[in-house]
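A short reminder: the numbers here are calculations on the coordinates, not readings from a lab. Only a predicted model underlies this, so the values are computations on that prediction, with no experimental measurement involved. In this analysis, Cβ positions are derived from the backbone assuming ideal geometry, glycine residues included, and neighbour counts consider all displayed protein chains.
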């Protein structure tokens with residue numbers, strides 16, 4: 001059962017999505033801390049002009065640096081860092097919750113598989129024992145009495161129940177397989 005839960009945790013789309021959300025929240029938390037550093041931009045350009053030959057040369061290029069920093073922001077940076085950290089914690093809890101939900105679903109499906117397997121085995125034993133009992137009490141003259149017809153009907157119902165139990169077992173197996181990420 002632990003293998004089934006481990007396989008489902010790795011292959012489930014909801015778990016993958018929650019982990020990706022947590023990675024995005026972690027990146028957002030890291031980026032929010034960069035607000036404490038100044039913003040720096042480098043600009044540059046080239047100009048070829050003939051109108052201002054007196055002031056600037058005909059071919060002119062330039063490079064510039066712009067830096068900005070806000071000294072007083074009334075705690076905005078601190079609040080945004082705390083908010084990003086809260087989003088990160090929420091995303092981490094979301095991953096744990098999703099993994100627990102998937103594990104519970106797999107555990108329930110696995111227990112259903114075990115229950116259906118036991119019911120299928122019991123129904124097979126019942127049918128085989130009914131055949132043994134029927135073989136011991138076959139009428140000697142070859143004519144069917146109403147009791148013989150009742151026995152045949154009961155055996156048919158038991159076989160139908162056995163096939164239903166086998167179908168339920170196969171469906172439970174397919175559900176566990178699909179939850180584990182198998183095809």
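Per-residue counts of other Cβ atoms within 10 Å, averaged by peptide: what ranking do you get for 32-44, 162-174, highest first?
So the order, starting with the most tightly packed, is 162-174, 32-44.
Based on the alpha-carbon gyration tensor of the range 10-86 and its eigenvalue square roots a ≥ b ≥ c, which shape applies: rounded if a/c is under 1.5, prolate if not and a/b is larger than b/c, or oblate?
Working: a/c = 6.64, a/b = 2.18, b/c = 3.05.
Since a/c reaches 1.5 but b/c is at least a/b, the shape of the range 10-86 is classed as oblate.
Go through 61-69, 96-104 and give me the packing order, highest mean Cβ count within 10 Å leading.
96-104, 61-69
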